[in-house]
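Okay, so here's the structure we're looking at.
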Amino acid sequence: MDTQTPGAGKTMPDTDIQPNQGMSLKPETAASAAEKVRVLVADDSRVIRKAISKILSNEFELIEFGDGESAWDHLLYDGSIEVLISDIEMPKLDGYSLICRVRAADAERIRNIPIIIITGADDELTRERAFACGATDFIIKPIDGVQLLARTRAHAKLDQTTRKLEETSTALEEQTAVDPLTQLHSRRYFMQRGVQDIAHAKRHNSDVSIIRIDIDNFRSLYKKYGDQVCDQILIWLAKRLTASSRTEDTVARTGGGEFAILAPSSGRMEAAVLCERARAAVNAEPYKNEDVTIPLTISLGLATLGRDPGDTIEELLVVAEQRMTLAKAAGGNRLGVSYQEEAPKPEESVIEQPDLETALKMLGADEGGKLVPFLPDLVMRCLPLLEFCNKKLDLGLGFAIESLKEKIADMR
């Protein structure tokens, strides 16, 4: 049996979608299917899907699937989905992997969708993993109907506001070469300049690199502080990116909290230095305005002509954006240069605290990504050896070691 998803014009395999037939809606809360916000639900339990439907179906149009893979396939082609509700434990594709796919998606509409996780696992590790992958919200079973309805409403409204802002931003970009808020170049100018710089690099056999930059957790900042503060944050960041760049670089605002830098005559190493300079400038001190102090970090993705797939501005920007997205998924405040195209499975990255010998073996096996959560502790374990070597060999590392101790202490 095949189930036709409303408005999709495409036949999808039977996924045990529960139709909301025979349900009487109150006039003040009922809405036509055309007016309802569409919510995608992924949960392998019919009972939970039915409970969610009972809570949300008066206000939302629910599309239901029993596994993460089917939900992902639907999300790829249905651009009307505004909220994703997902379980953690599911067949084919679990909730962690579904979140990672969404946050690393090429399409902005998918990448920015609010994700509410509903799970029976009430433990801190599950919560931390879900948020680390990119979950927006987290609800423990048994489901509190009032809480689920309120949070779905809030996230749907935020998604609609974000989409409208993106549409407005796109319209402005089409009209001008300058972003009216930050006074940086617009996305339109950036793309046009990219075509010219890449053509020049090909003719003269020179380098050019593309850098994508996002403010970490910008959606949460927008939700907490609103338009006025976030606008000032964007202006603040624009000044730091400009100060970190060279005169010949093109710095642009390409979306809400999204920026990009076009770096001509810059190979991988030169562009990486530029990225680190920008990251450090943002990380050096928090944004301050009157009584508001907000520590900010950025994630960056780097792609270089001749070193990475693609030889057009569009293709290189996609590569840089993928690496930037995966850098965010890995914790943010870092540069993505050599990430694989797919994020590692979350269960593979959660390991017990390794000893130094195990850590060295993992590095030799190109599994360094799994060590990221444990790096501060590993560095602290190495410090006694460094101090001993410095004392016995007179290496002159006293200041560097003390500085390293302070930085690691801050991280922990």
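FYI, it's all coordinate maths here, none of it is from the lab. As the structure is a prediction and not an experimental result, all values here were calculated from the model. Here Cβ is always computed from backbone atoms with ideal geometry, including for glycine, and neighbour counts include all displayed protein chains.
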If I stretch the segment between D394 and K202 completely, what's the gain in nm (0.36 nm per residue apart, minus their alpha carbon distance), one decimal? 64.2 nm
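Using 26 Å as the Cα-Cα cut-off, could you pick out the over-long pairs in K361/K392; K223/K328; K157/K224?
Values: K361/K392 28 Å; K223/K328 19 Å; K157/K224 14 Å.
The answer is K361/K392.
In the range 245-296, which GluC sites (Glu not before Pro) fall in coil by DSSP and have 10 or fewer other Cβ atoms within 10 Å?
Working: sites: E248, E258, E270, E276, E290; in loops: E248, E290.
When the GluC sites (Glu not before Pro) of the range 245-296 are filtered for loop state and at most 10 Cβ neighbours within 10 Å, E290 remain.
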For the range 31-152: relative contact order, % (alpha-carbon pairs under 8 angstrom, 6 or more apart): 23 percent
Whether the range 176-341 is rounded, prolate or oblate, judged on the alpha carbon gyration tensor where a/c under 1.5 counts as rounded: prolate
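Using a Förster radius of 41 Å, what is the FRET efficiency between L363 and K54 based on their Cβ-Cβ separation? Nearest 0.05, please.
On the way: r = 51 Å, r/R0 = 1.25.
Calculated transfer efficiency: 0.20.
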